[in-house]
Amino acid sequence: MDKSNSLDDGPRGTKPHRALTRRNILVYGTLTIVSIYYLLPLYVMIVTSLKGMPEIRWGHLLAPPLEITFQPWVKAWSQVCTGLNCDGLSRGFGNSVRILIPSTILSIFIASVNGYALSKWRFKGSELIFTVLIIGAFIPYQTMLYPVVIILREIGLMGSLWGLVLVHTVFGMPILTLIFRNFFASIPQELHNAARVDGAGFWGIYFHIMLPMAVPVFVVATILQVTGIWNDFLFGVVYTEPADYPMTVQLNNIVNAVQGVKEYNVNMAATLISGLLPLTVYFLSGKLFVRGLTSASIKG
Amino acid sequence: MASVSVRDLTVRFGAESILESLNLDIKAGEFLVLLGASGCGKSTLLNCIAGLVDFEDGQIFINEQNVTWSEPKDRGVGMVFQSFALYPSMTVEKNLSFSLRNARLSKSDINARVRRASKILRIEKLLLRKPSQLSGGQRQRVAIGRALVRDVNVFLLDEPLSNLDAKLRAELRVELNRLHKRLEKTTMVYVTHDQIEAMTLADRIAVMRDGIIQQLDSPITVYNVPVNRYVAEFIGSPSINMIGGVIDNQANQLTFQTRGITVDLSRYVFSHKVRTTSVTLGVRPEHIHVGESRVPGVFNCRIFVDLVEPMGSDTLIWATVFGNTLRVRLNGQSDVQPGDALSVYFDPANTSLFANDTNLRL
Ligand SMILES: Nc1ncnc2c1ncn2[C@@H]1O[C@H](COP(=O)(O)OP(=O)(O)O)[C@@H](O)[C@H]1O
Ligand SMILES: [Mg+2]
């Protein structure tokens with residue numbers, strides 16, 4: 001009786017929380033400072049890209065534009081010259097898209113089939129192939145730049161878009177295969193056996209059983225490839241001709257142009273345009289990306 | 001109707017030999033249970049019959065056809081797995097019809113077969129659900145249905161009930177029994193480490209240990225006449241009493257002797273010639289009865305109760321007799337208390353004698 005009475009008289013409701021604990025101040029303070037550190041340059045870029053040149057010369061770096069103009073964006077997209085071409089970044093954008101789509105699809109498809117075959121179908125030499133792939137993931141790209149030039153020249157793809165697609169596909173292979181292999185290895189062998197008894201073959205199991213289960217991993221792989229290929233500069237500048245330069249290379253040529261006045265607003269606009277795609281991808285897929293990463297790593 | 005024959009099967013994983021020249025003949029329409037402790041190679045043997053393992057040596061025949069090199073789908077076998085192994089992205093209906101679609105059957109044929117199988121297993125209402133929306137028992141029904149739709153000759157079941165809780169396991173066990181009666185032409189090969197499943201379902205039990213089949217007999221024979229000590233101890237719960245001692249032969253009167261006990265063996269039926277004197281006597285706890293027997297040759301003694309475990313339907317008594325521990329199982333409930341002395345008897349005809357050097361039954 002005594003005990004239950006004392007319980008009845010005690011405080012009720014949810015456990016009270018204090019907002020301003022030492023820990024909270026530390027965590028939120030750090031987060032705020034880091035956010036400012038990363039957001040400030042972005043702010044400067046956006047602001048500058050919306051100003052006219054006179055205002056940039058006279059005004060303050062951090063001040064918002066007095067008079068908003070989209071002229072720098074238009075110029076960056078469709079008028080600015082690089083080399084002999086004066087059709088702006090739109091050319092590089094088009095090139096990048098034409099490189100991105102086949103490279104992403106090819107590399108992910110091949111890597112997922114590789115990962116599936118390596119983890120579920122033990123064949124002679126499968127361990128060796130896997131070891132070679134792992135080693136491939138750790139070789140610095142620079143050491144292979146020139147050998148790849150020779151290979152592309154020999155097969156007649158040097159300087160073409162398809163040559164670059166091939167390079168992206170090959171260089172993405174080790175890490176993507178590893179991701180897919182680890183995921184497929186976590187799928188129980190009994191499921192694979194059940195499908196074999198049910199009369200599904202290599203491709204039947206891949207398309208009907210494995211692929212639907214691997215959707216989160218495909219999302220992660222797509223994000224990795226899209227941002228990686230879109231942001232690539234080195235392979236683009238080495239393996240393509242000026243007419244086929246991807247956006248990053250063209251952006252570099254615009255920003256680093258030595259002739260004429262430096263048009264900071266156009267440069268800023270061009271930079272923002274070239275960063276829009278990865279940015280959108282991250283914004284749209286943030287949640288999916290995290291979910292995919294955790295499901296791929298927990299299971300792998 | 002299809003028989004299954006395994007001839008000189010040898011399986012190695014790396015350097016480790018899992019099965020060595022194993023032979024097994026399963027009759028058409030038979031319910032054969034492979035019983036053994038975990039890791040003894042039961043699943044490996046089943047997977048070999050299904051065609052899921054590349055084995056070193058040997059041949060497999062199903063329905064007198066040599067299927068050693070056939071694909072799993074061409075062997076006329078259906079398989080049910082311990083983990084259910086349902087395709088998680090497909091509905092129950094798609095799970096059931098997957099094999100039929102792979103075999104490119106007509107839509108109407110597929111529908112008819114799915115309907116028939118789901119009716120037998122009472123899963124008609126679940127057809128549109130995903131496996132993640134099913135309970136364990138429902139999942140296993142779907143897994144059985146997946147083999148059922150195909151009209152296979154041989155059902156291979158790999159511990160199909162071991163992932164279910166005790167009550168469901170008992171229910172599904174009865175259903176499997178019914179299913180086998182219903183599919184009287186279908187041969188069933190059933191892997192389990194659970195002796196109750198083995199005893200209740202099997203026409204014949206193959207007791208396995210370390211990749212070797214110890215005994216292949218009807219459940220009652222395996223229970224009453226175990227070929228060796230391992231089989232005797234593996235089957236039966238609570239397990240058989242084992243009492244070490246010697247065989248004594250005086251004036252053509254064979255007796256088993258150990259500390260303070262002399263058991264007259266005139267009623268024991270020897271199946272082998274006695275070549276050793278050092279033996280172990282096995283007596284099942286349920287073969288020891290309270291009271292006294294006047295039948296000549298039956299063994300009577302007094303035991304001292306150490307511990308009583310009431311189980312409702314029966315009572316397990318741990319007792320000692322001249323320093324030997326004895327488990328006695330009494331039917332129903334009993335008011336025996338620890339410290340009591342009891343008169344008990346058992347019939348040597350119901351016991352097993354094992355030679356200590358070979359562990360084989362005498
Ligand atoms: N794919 C494999 N690779 C290597 N060893 C295996 C493989 N599958 C099974 N084994 C080994 O073979 C033995 C028998 O396994 P298994 O047939 O699954 O036993 P059970 O089904 O009787 O529990 C075990 O020791 C196991 O570790
Ligand atoms: Mg097993």
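When only alpha carbons are used to place a centre, the stretch B:175-253 and the stretch B:273-290 end up 17 Å from one another. In order along the stretch A:77-82, the Karplus-derived 3J(HN,Hα) couplings, from 6.51 cos²θ - 1.76 cosθ + 1.60 at θ = phi - 60°, round to 6, 10, 10, 5, 9, 10 Hz, and Gly and Pro are given as x. For chain B, the alpha carbon convex hull comes to 168 Å³ per residue, rounded to a whole number.
Treating r as the C-beta distance of A:Leu284 and B:Ala112 and R0 as 45 Å, the FRET efficiency rounds to 0.50. Inter-chain neighbour count for B:95-102: the average number of beta-carbon atoms from partner chains within 10 Å of each residue's beta-carbon is 4. Could you point to the residue in B:Leu307, A:Ile129, A:Gln259 farthest towards the positive end of the protein assembly as shown's charge dipole, with +1 and -1 charges on the Cβ of Lys/Arg and Asp/Glu respectively? The listed residue farthest towards the positive side: A:Gln259. Between amide H atoms placed 1.01 Å from N, distances below 5 Å from B:Ser83 occur with no residue 5 or more places distant or on a separate chain. Mind giving me the FRET efficiency for B:Ser132 and A:Val215? R0 is 22 Å, r the Cβ-Cβ distance, nearest 0.05 is fine. The calculated FRET efficiency here is 0.90.
Straight-line reach from B:Lys125: taking Cα to Cα under 15 Å and skipping same-chain neighbours fewer than 8 places apart, the aspartates and glutamates in range are B:Glu93. Residue by residue, the stretch A:64-69 carries 3J(HN,Hα) couplings of x, x, 6, 10, 6, 10 Hz when phi is fed to the Karplus relation 6.51 cos²θ - 1.76 cosθ + 1.60 (θ = phi - 60°); x denotes Gly or Pro.
Descending by average beta-carbon neighbour count within 10 Å, the peptides A:115-121, A:178-184 line up as A:178-184, A:115-121, the highest first.
Between chain B and chain A, the total buried accessible area stands at approximately 1600 Å², from heavy atoms with a 1.4 Å probe.
Amide H contacts of B:Glu20 (H built 1.01 Å from N, in plane; Pro and chain starts excluded): B:Val11 sit under 5 Å, all sequence-distant by 5 or more or on other chains. Cross-link partners for A:Lys15 among the lysines, with Cα-Cα distance under 23 Å and sequence neighbours closer than 8 places in the same chain left out: A:Lys3. Once you divide the Cα radius of gyration of the protein assembly as shown by 2.2 N^0.38 Å, the number left is 1.45. In this Cβ point-charge picture (+1 for Lys and Arg, -1 for Asp and Glu), chain B has a dipole of about 1640 debye about its Cα centre. Rounded to the nearest 20 debye, the dipole magnitude of the protein assembly as shown is 1600 debye, with +1 charges on Lys and Arg beta carbons, -1 on Asp and Glu beta carbons, and the Cα centre as origin.
Considering only B:Ser97, B:Ser70, B:Ser106, the mean-square fluctuation computed in a Gaussian network model of chain B, springs between alpha carbons under 10 angstrom, is largest for B:Ser106. The loop-placed chymotrypsin sites (Phe, Trp or Tyr not before Pro) in the stretch A:1-84, going by DSSP, that have at most 13 neighbouring Cβ atoms within 10 Å of their Cβ come out as A:Phe70. Averaged over the residues of peptide B:87-93, the number of Cβ atoms from other protein chains lying within 10 Å of each residue's Cβ is 4. Only beta bridges with both residues in the stretch B:43-193 are counted; by DSSP, about 20 percent of them are antiparallel.
The mean count of C-beta atoms from other chains within 10 Å of the C-beta of residues in A:196-207, rounded to a whole number, is 6.
Exposed loop positions in chain B were taken to be GluC sites (Glu not before Pro) whose DSSP state is not H, G, I, E or B and which have at most 15 other beta-carbon atoms within 10 angstrom. Between these positions, the longest stretch is B:65-183. The charge dipole of the stretch A:100-232, taken about the Cα centre with unit charges on the Cβ atoms of Lys, Arg (+1) and Asp, Glu (-1), comes to about 180 debye, rounded to the nearest 20. Using amide H atoms built in the peptide plane, which far-off residues or other-chain residues are under 5 Å from B:Phe31 H to H? Under 5 Å from the amide H of B:Phe31: B:Met188, B:Asp203, B:Arg204.
Distances between every pair of Cα atoms in the stretch B:241-355, grouped in 10 Å steps from 0 to the bin holding the largest one, split as 14, 46, 29, 10, 1 percent. Each of B:Ser266, B:Leu176, B:Gly145 was scored by the projection of its Cα onto the charge dipole of chain B, and the greatest displacement toward the positive side belongs to B:Gly145; charges sit on the C-beta of Lys, Arg, Asp and Glu. Take the Cα of B:Asn356, go 7 Å toward its beta carbon, and the backbone nitrogen atoms of the stretch B:231-259 under 12 Å from that spot belong to B:243-247, B:257-259. Phi angles of the stretch B:190-199 translate, via the Karplus equation with coefficients 6.51, -1.76, 1.60 and θ = phi - 60°, into HN-Hα couplings of 10, 9, 7, 10, 9, 5, 5, 4, 4, 5 Hz per residue; Gly and Pro are given as x.
How much of the DSSP beta bridge set in the protein assembly as shown is antiparallel, as a percent to the nearest 5?
Approximately 75 percent, going by the DSSP bridge assignments.
Against the main long axis of the alpha-carbon atoms of chain B, helix B:166-182 sits at an angle near 70°.
Cross-link pairs exceeding 24 Å in C-alpha to C-alpha distance, out of B:Lys27/B:Lys119; A:Lys75/A:Lys262; B:Lys119/B:Lys185; A:Lys51/A:Lys75; B:Lys27/B:Lys73, comprise B:Lys27/B:Lys119.
Indicate the gyration tensor shape class of chain A (rounded, prolate or oblate), computed on the Cα atoms with a ≥ b ≥ c the square roots of the eigenvalues: a/c under 1.5 is rounded; otherwise a/b larger than b/c is prolate and the rest oblate.
oblate
When the helices of the protein assembly as shown are scored as -39500 (n - 2.57) per DSSP H run of n ≥ 4 and the total is divided over every residue, the value at 222 nm lands at -14000 deg cm²/dmol. For the stretch B:47-154, trypsin sites (Lys or Arg not before Pro) meeting the loop criterion (DSSP other than H, G, I, E, B) and having at most 14 other Cβ atoms within 10 Å: B:Arg104, B:Arg122. Post the alpha-carbon centroid distance, the stretch A:17-39 to the stretch B:33-93, in whole angstrom. The distance from the Cα centre of the stretch A:17-39 to that of the stretch B:33-93 comes to 59 Å.
The values are calculated or read from the model by the stated rules, or taken from the named source; none is laboratory data. Bear in mind that the values here come from a model prediction, so they are computed numbers and not experimental data. Cβ atoms come from the backbone with ideal geometry, glycine included; neighbour counts cover every protein chain shown. For accessibility, only protein heavy atoms count, side chains too; no ligands or nucleic acids. Shrake-Rupley method; radii C 1.70, N 1.55, O 1.52, S 1.80 Å.
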